[in-house]
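A short worksheet on the structure shown next.
The values are calculated or read from the model by the stated rules, or taken from the named source; none is laboratory data. This is a predicted model, so every value here is computed, not measured. So basically every Cβ, Gly included, is an ideal-geometry build from the backbone, and we count neighbours across all protein chains shown. Protein only, heavy atoms only, side chains kept; ligands, DNA and RNA dropped before computing areas. Shrake-Rupley method; radii C 1.70, N 1.55, O 1.52, S 1.80 Å.
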Amino acid sequence: MKQKRDNYAEIIFDAISENEAFARIIVAGFIMPLDPTIDQLNELKTIVSEAVTNCIIHGYENRGGKIKLTLESYHNEVTITVVDYGKGIEDLNRAKELFYTSKPEEERSGMGLTIMEIFSDEFHIHSKMGEGTIIKIKKNLDYTKEKYA
Amino acid sequence: MPLSVHLFIKADTLFVRLSGELDHHTSFQLRERINSLMDKYEIRNMIFNFKNLSFMDSSGIGVILGRYNQVKRNKGILIVCELNSMIEKIIKVSGLYKILVITKDEEQASNYLGVA
Ligand SMILES: Nc1ncnc2c1ncn2[C@@H]1O[C@H](COP(=O)(O)OP(=O)(O)O)[C@@H](O)[C@H]1O
Ligand SMILES: [Mg+2]
């Protein structure tokens, strides 16, 4: 297998819903040289879409702010970090429960964090009240290829 | 890619054909378009066609669940069809399998409801 060169990118953008699609396009472009399968591509796009949406509606409660997206590839492993500087999560264990949402009145399904966890190989979340939230995921594109082969 | 929403009514069934990407940003227009028809017409059932939908995340599940709760109030049925493998995965996680009817295509869905 051909060795892929390591790569790094970071971008800071406004926490507005237009940027959900923008963030997905950035991720798709970044991982293109790694020859992802269609499933891997869609899974990473979904993870980033969920994370960025959470920053916008939960972290900043639709009042705007900045989101930092960091992308790293090392051999065939991609690491993605999504950071907001918003309100933070009070109870992480409850937040991670499937179907838990603090905004049922906005027709949220409470599935975002679960989907991020399922679609990644490693999933980390750090949050501090009043300071913000960091989501970090890793996905090994070769490993997943073998897994589904 | 934005979302484009094509709606039409046959008998008491609303057909919802989606193309493009359904996320939190585009979910508002979909919800508003459906709700404005629900206000004007007697709609009992809904058929969502995802054939040309290239992306959907959990915000899409939220919209579908919201419409399911609406049709359930009139004892109606919500059907989703033309799921690609990615959308199928997300629907599986959501448990929607247990409460919605899933068919292969619109024709099967129409037959199911008897609006063919
Ligand atoms: N970036 C964030 N900042 C603050 N709270 C968050 C953030 N991400 C998630 N949460 C909290 O965790 C809950 C669960 O998130 P998620 O699983 O994505 O479901 P949903 O977005 O549908 O509510 C949210 O309802 C919210 O209370
Ligand atoms: Mg979410």
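So in the range A:92-129, with the set limited to residues that are touching a Gly at 6+ places or on another chain (Cβ under 6 Å) and of a type outside the set (A, V, I, L, M, F, W, C), which one is least open to solvent (accessible area, probe 1.4 Å)?
Per the stated criteria, the residue is A:S109.
Can you work out which of the residues in the range A:44-64 that are near ligand 2 (Cβ under 10 Å from one of its atoms) and open to solvent by 10 Å² or more (accessible area, probe 1.4 Å) is nearest to A:G112 (Cα to Cα)?
A:N54
Return the only residue of A:V52, A:V78 being outside any loop (DSSP other than H, G, I, E, B), β-branched (V, I, T), within 22 Å of B:S58 (Cβ to Cβ) and within 13 Å of another protein chain (Cβ to nearest Cβ).
Testing whether each residue is outside any loop (DSSP other than H, G, I, E, B), β-branched (V, I, T), within 22 Å of B:S58 (Cβ to Cβ) and within 13 Å of another protein chain (Cβ to nearest Cβ) leaves just A:V52.
Evaluate the range A:100-120: report whether one residue or more is within 8 Å of ligand 1 (Cβ to nearest atom) and under 21 Å from A:N7 (Cβ atoms).
No, that holds for no residue.
Any idea which of A:T37, A:T70 is within 14 Å of chain B (Cβ to nearest Cβ) and among the hydroxyl-bearing types (S, T, Y)?
Going through A:T37, A:T70 in turn, just one is within 14 Å of chain B (Cβ to nearest Cβ) and among the hydroxyl-bearing types (S, T, Y): A:T37.
Just to be sure I understand, how many residues within the range A:31-40 are open to solvent by 20 Å² or more (accessible area, probe 1.4 Å) and assigned to a helix (DSSP H, G or I)?
The number of residues fulfilling the criteria is 4.
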